[in-house]
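The values are calculated or read from the model by the stated rules, or taken from the named source; none is laboratory data. Being a predicted model, the structure only gives us computed values, none of them experimental. A quick note on method: Cβ atoms are made from the backbone with ideal geometry, for glycine too, and the neighbour counts reach across all protein chains shown.
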């Protein structure tokens, strides 16, 4: 009961507030004007929302497959080796830093104008993400992978250690190759880890605001304006808090839908 009360107080009540705000035309200072479902109707014709959704999908297409694949590959390769603990510690270390501090460090290294790499090369190495939208998306995707990859490795490693060693040994004794053991035994038994990391990776993509804000400010030319950053712009730069609340509800429903589809797909295909 105490846990349920905390959940309702800190998650349920704010969610109800957001639903209420989404029916208002509200700038934050004056009392809101009730507009019913007008904000949700505006979502259907918002070209900026469509462009930010496309950028988010592009970002997810870059990060999600690599996040799951690299996490599984590294966890499988280091399993049972002498360097397993060291590699896990080094890969998880970036996740212990705050996103803000990590982003400032990356910007200091990779700034196209005065970054460390540009300075050391005397301007010969000109990084393209300052004026190339796709290069900027790649930068944010690489930063996200670097920051969260250690967590994915730990999740897969925990799943690997739960697999009975007798099952793997029996397959090898029967003549199964190492590739066949991984494909037909290990990966199916890692299905819960695959589903979990697929959902987590999708949430990273939908909630990728801080890295975009600190590294690219949504640029260049809106090329990295993901849903999270567009939501921030709408609420705290344009002061359309009612419409931003409707956007929040849209992002929430989108996240639930993607998580449900991924879970259903992986549970059938793995």
Tally, over the range 171-184, of residues that are surrounded by 15 or more Cβ atoms within 10 Å (Cβ to Cβ) and either within 33 Å of the chain's Cα centre (by Cα) or closer than 29 Å to residue 63 by Cβ (or both): 2
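Inspect all residues belonging to the range 88-109 and state whether any of them is assigned to a helix (DSSP H, G or I) and over 23 Å from the mean Cα position of the chain (by Cα). Step through it out loud before you land on a result.
Start the filter on the range 88-109 by keeping residues that are assigned to a helix (DSSP H, G or I), which leaves 88-96, 99-109.
Checking which are over 23 Å from the mean Cα position of the chain (by Cα) leaves us with none.
Looking through the range 88-109, none of the residues is assigned to a helix (DSSP H, G or I) and over 23 Å from the mean Cα position of the chain (by Cα).
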Can you find even one residue in the range 23-32 that is part of a helix (DSSP H, G or I) and surrounded by 12 or more Cβ atoms within 10 Å (Cβ to Cβ)? no
Checking the condition at pLDDT below 85, more than 17 Å from the chain's Cα centre (by Cα), within 30 Å of residue 85 (Cα to Cα) and in a helix (DSSP H, G or I), which residue from 160, 168, 266, 187 passes? 266
Name, by its number, the condition in (1) within 30 Å of residue 33 (Cβ to Cβ); (2) under 14 Å from the mean Cα position of the chain (by Cα); (3) touching a residue at least 24 places away in the same chain (Cβ under 8 Å); (4) buried (at least 17 other Cβ atoms within 10 Å of the Cβ) that does not hold for residue 201. (1)
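In the range 33-55, how many are assigned to a helix (DSSP H, G or I), out of contact with any strand residue (DSSP E or B) (no Cβ under 9 Å at 6 or more places or on another chain) and under 12 Å from residue 247 (Cβ atoms)? Steps first, answer last, please.
Of all residues in the range 33-55, those assigned to a helix (DSSP H, G or I) come to 38-44, 47-55.
Imposing the further condition that a residue be out of contact with any strand residue (DSSP E or B) (no Cβ under 9 Å at 6 or more places or on another chain) reduces the set to 40-44, 47-55.
Among the residues that remain, those that are also under 12 Å from residue 247 (Cβ atoms) are: 40, 42-43, 48-49, 52-53.
Matching residues across the range 33-55 total 7.
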Boolean, residue 71 is touching a helix residue (DSSP H, G or I) at 6+ places or on another chain (Cβ under 7 Å), more than 30 Å from residue 163 (Cβ to Cβ) and in a helix (DSSP H, G or I): no
Can you tell which of 147, 116 is under 22 Å from residue 90 (Cβ atoms), surrounded by fewer than 16 Cβ atoms within 10 Å (Cβ to Cβ) and in contact with a helix residue (DSSP H, G or I) (Cβ under 6 Å, 6 or more places away or on another chain)? 116
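For the range 33-56, what are the residues that are touching a residue at least 24 places away in the same chain (Cβ under 8 Å) and exposed (fewer than 14 other Cβ atoms within 10 Å of the Cβ)?
Going through the range 33-56, the residues touching a residue at least 24 places away in the same chain (Cβ under 8 Å) turn out to be 35, 39-40, 42-43, 48-49, 51-53, 55-56.
Matches in the range 33-56: 48 only.
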